[in-house]
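Take a look at the structure set out below.
The values are calculated or read from the model by the stated rules, or taken from the named source; none is laboratory data. Computed from a predicted structure; not experimentally measured. Methodologically, a virtual Cβ is constructed for each residue, glycine included, from the backbone with ideal geometry; neighbour enumeration extends over all protein chains shown. These accessible areas exclude ligands, DNA and RNA; they are computed on the full protein's heavy atoms, side chains included. Shrake-Rupley method; radii C 1.70, N 1.55, O 1.52, S 1.80 Å.
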Amino acid sequence: MIVFKKRAPNASEDGTAPVPHRRFHPPNNSERTCGIVAMCVSAATFFSVTGLLSVWFLFSPEFDSVDFALPLIVSASAFVPGSVSSLVLSSVPIPSIPNSTGFGACLLVKDDNDKLPEWIAYHHTILPLRRLVVAVDPTSASSPSEILGRWNASGRVRVTEWGDADFMPARLRRSQVRDGLKLHEERQRFFFGRCAEALRDGLLRDSGGEPPGWAVFLDSDEFVAFNRRHRGHSGEKDNSGCRDGWKTTGGEGLDASSRDALPHRGAPTTVEEFVAHTSSSSSSSPARALPWAAGCVSMPRLLFGNAESSAAAVHAGTPPGGPDPQKFTTLRFRHHSRPGIFETSRFGKVLLDLGALPPGRVEVPNPHIVSHLLCIRPPVPCYGTAPLRVHHYVGSWESYSSRGGYVGRTRKDFETKGGSSAVDYGEDDDTRGWMETFVASLGEKEAQRLTEGAGVVTTWAKLAQNREEFRRGESEGDFLVPAIKKLKGKK
């Protein structure tokens, strides 16, 4: 069993010399040799299921893009289905980080004011989130400025608000065509790239302080959590085409028993503390034991449906004087799909080491692969060995239907994704402890002030009943949005 020793922050493995934050450097000859050997081994054990998975990606509506579908097929031969290595992790107290720089985040929003207070408060507690860039979709009926300003004024999270002019190509912004979903994909791609560059290069120092070392790239209905094993129901199942959520030189995954040693909901350990602690192993094991050295970690997602929990279950473990638990998605919706099933949880989301990014432009193939140099393709990480996962919430009908237009949401999607038996596989409370930690850290009054408006839906959109009706309305010109077809591939 590997036991991680306590050491001073930024100390070397023997605890004597300071270690600066790792920056990008080209691979040396030995690293190239290891990479070639790994590729040969992967090719020798490759199974045809990966090829079938690539065909699925090619025709999947979520990746309706030649730019993305072709690299998926090309890269399919470079990895092995189910070829995951594992690390035994012992349950050792994790020290805090005195000079924490925290995490950064890039978030694109559209009428998400009911979700935003919870999303910021949760990740401020769990990561901890210190630097946030929010891009506001120009078709939003509401503005997040008041919520973001509240957090900025608190000094706890520094927030920068962007519009299309801050990251979208000018020619793309000027054109018009009925292709809203494509535009959304392009907006997210350009935003993640420019946001990653700004965080990496320290261009957002208007508030002072050091830039964050890591950043997450999520949606407003997604929340990072430690990937502890689920209890109270039958086992998890990984897709046969899954792989480690990081490049092969980046380290090992966790075995099943080690996931039980991950921080639980009663332990206020942050992801930053966990990464720092597990990046420093004992002398008998490599420092790359966990995947942080890979630079990009693809986190598997777990879908939570719209089934309501009882009031007693929602309030369990929350401070009596804190915010109303019924207003918070992470406390209110506890029923989820079977872990590791691609059909419900889909593709992973990215945790990125900003220091590992090479200088220059960050090319983003799609929201699930924020760096084409560092991240795995296809982004289907194995659930069973991942140290972190992302909870993806369908939420209430009021919240779900508050976003219309090109997002393509329909009543049938809500009922299928959120209300079917596929998303009632079990209950999970692994994130529940964040509220208690949040209130204890800030105090009841401040916690209530910063989360004001959580769960309060103020916008409404008339959604189509199904995808056919949505496409019919789109073709009839229900809305006009900037074109991207003729601009594909241009910057």
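Quick notes on this one:
- Our estimate of slack between residue 145 and residue 324, defined as 0.36 nm per intervening residue step minus the Cα-Cα distance, is 62.1 nm.
- The share of accessible area on the stretch 116-171 that comes from carbon and sulfur is 48 percent, using a 1.4 angstrom probe.
- A crude spin-label estimate for the pair residue 312 and residue 170, with each label 7 Å from Cα along the Cβ direction, gives 6.4 nm.
- Shown in residue order for the stretch 426-431 are the 3J(HN,Hα) couplings computed by the Karplus curve 6.51 cos²θ - 1.76 cosθ + 1.60 at θ = phi - 60°: x, 10, 9, 10, 5, 8 Hz (x for Gly and Pro).
- Calculated FRET value between residue 449 and residue 363, using beta carbons and R₀ = 45 Å, to 0.05: 0.65
- Close amide-amide hydrogen proximity is noted between residue 253 and 85, 86, 87, each under 5 Å apart and 5 or more residues distant or on a separate chain (H modeled in the peptide plane; Pro and chain starts excluded).
- With 29 Å as the limit on Cα-Cα distance, the pairs of 115/349; 115/247; 412/445 that go past it are 115/247; 412/445.
- Separation in nanometres of the label points that stand 7 Å from Cα toward Cβ, at residue 458 and residue 441: 2.6 nm
- Taking amide H as placed 1.01 Å from N in the peptide plane, residue 108 has its amide H under 5 Å from the amide H of 135, each at least 5 places away in sequence or on another chain.
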